[in-house]
């Protein structure tokens, strides 16, 4: 769409509300005016009228098909359109330029016609016409009607830009609030992680590897970024697990294992109700990253593709990182040994597609 019509404003006293200025808007003559009429004489008359009124950018054509192209390429601010033309009439032109009339803009069409029947007017208004100009033309009426349409277009453009600005500000504020929410949750996750990982880097490594796996299996850049950020919250529920269990160096008892498994539900509960896609993805991961492909995981015993893809990816990344880094109760495994262990669980514990992605990354030198 062409640049909005520029307007010069001047004010004068408002007789109805003393002390408040009444704004009058002069439509700038730089507006683009397009005339589509199969009679050259009508075009010349309208050009003279518009140029006498100070309009300097007036284009025209006697070919309605060429007129459609001009609407689409020249981007007029107002169209003066003849109704009765051979081949493609005014209604046909309206149908052809409908995207310019309805898709996010306001292109006013002034219908030129000697047919003032109610049916014609109803059909024209339904097709997108904003006003009518009856032949033969009165010069003053032509200028006033064009100016009125241009003023409406200018006001529409101003309001639309203000709305876009407000929407942008709301989106920015919403994003800031979401970022603050995620930061708080990440700090909680880090606090939980520091309790059984003296470096506190496990969550970040899981997020990084999860993103690599997401890329390898063909997820979009947007999905990959969501998973990368949300994966760091996978164990946020550990904040609710007692140290006596979380830090126990030996094997857990059945009762202790039951308590430990509650971290998935605790994490999901902490993340529940989030409005952003990021927090919703983190909730799914926190709840389901200990589910198994064969349905023997927890807490819901979901299986296969019933497990969210983000959780299936994080399950592999979390398992890989946990084994390949030292913990208080065991030394780190080598990358080859860790990947071999995960491959053995392909189709049992882990999604085969994600395991294959890990193997591909290993060939590329994953560390």
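Every residue in the range 140-155 that is within 14 Å of residue 58 (Cα to Cα) and out of contact with any strand residue (DSSP E or B) (no Cβ under 8 Å at 6 or more places or on another chain), please.
Listed by number, the list holds a single entry, 143.
Residue check, residue 348 against (1) modelled with pLDDT under 95; (2) assigned to a loop (DSSP other than H, G, I, E, B), all met but one. Which one?
Of (1) modelled with pLDDT under 95; (2) assigned to a loop (DSSP other than H, G, I, E, B), only one is false for residue 348: (1).
Within the range 40-58, can you find the residues that are under 22 Å from residue 93 (Cα atoms) and in contact with a helix residue (DSSP H, G or I) (Cβ under 6 Å, 6 or more places away or on another chain)?
Scanning the range 40-58 gives a single hit, 58.
Consider residue 216 carefully, then state whether it is crowded, with 18+ Cβ neighbours inside 10 Å and over 22 Å from residue 283 (Cβ atoms).
Details: crowded, with 18+ Cβ neighbours inside 10 Å: yes; over 22 Å from residue 283 (Cβ atoms): yes.
Yes.
Residue check: is residue 252 at negative phi and in contact (Cβ under 8 Å) with a residue 24 or more places away in the chain?
When the stated conditions are applied, residue 252 does not pass them.
Which numbered condition in (1) under 25 Å from residue 121 (Cβ atoms); (2) in contact with a strand residue (DSSP E or B) (Cβ under 7 Å, 6 or more places away or on another chain) is the only one that residue 49 fails?
Tallying (1) under 25 Å from residue 121 (Cβ atoms); (2) in contact with a strand residue (DSSP E or B) (Cβ under 7 Å, 6 or more places away or on another chain), residue 49 fails exactly one: (2).
How many residues, within the range 285-336, are touching a residue at least 40 places away in the same chain (Cβ under 8 Å), in contact with a strand residue (DSSP E or B) (Cβ under 7 Å, 6 or more places away or on another chain) and either surrounded by fewer than 17 Cβ atoms within 10 Å (Cβ to Cβ) or closer than 21 Å to residue 232 by Cα (or both)?
1
Would it be correct to say that residue 270 is farther than 21 Å from residue 356 by Cβ, surrounded by 15 or more Cβ atoms within 10 Å (Cβ to Cβ) and touching a residue at least 60 places away in the same chain (Cβ under 8 Å)? Can you show your working first?
On the way: farther than 21 Å from residue 356 by Cβ: yes; surrounded by 15 or more Cβ atoms within 10 Å (Cβ to Cβ): yes; touching a residue at least 60 places away in the same chain (Cβ under 8 Å): yes.
Judged against the criteria, residue 270 is a match.
The values are calculated or read from the model by the stated rules, or taken from the named source; none is laboratory data. Note that the structure is a prediction, hence the values are computed from the model and not measured. Counting neighbours? That spans all protein chains shown, and the Cβs are built from the backbone with ideal geometry, glycine included.
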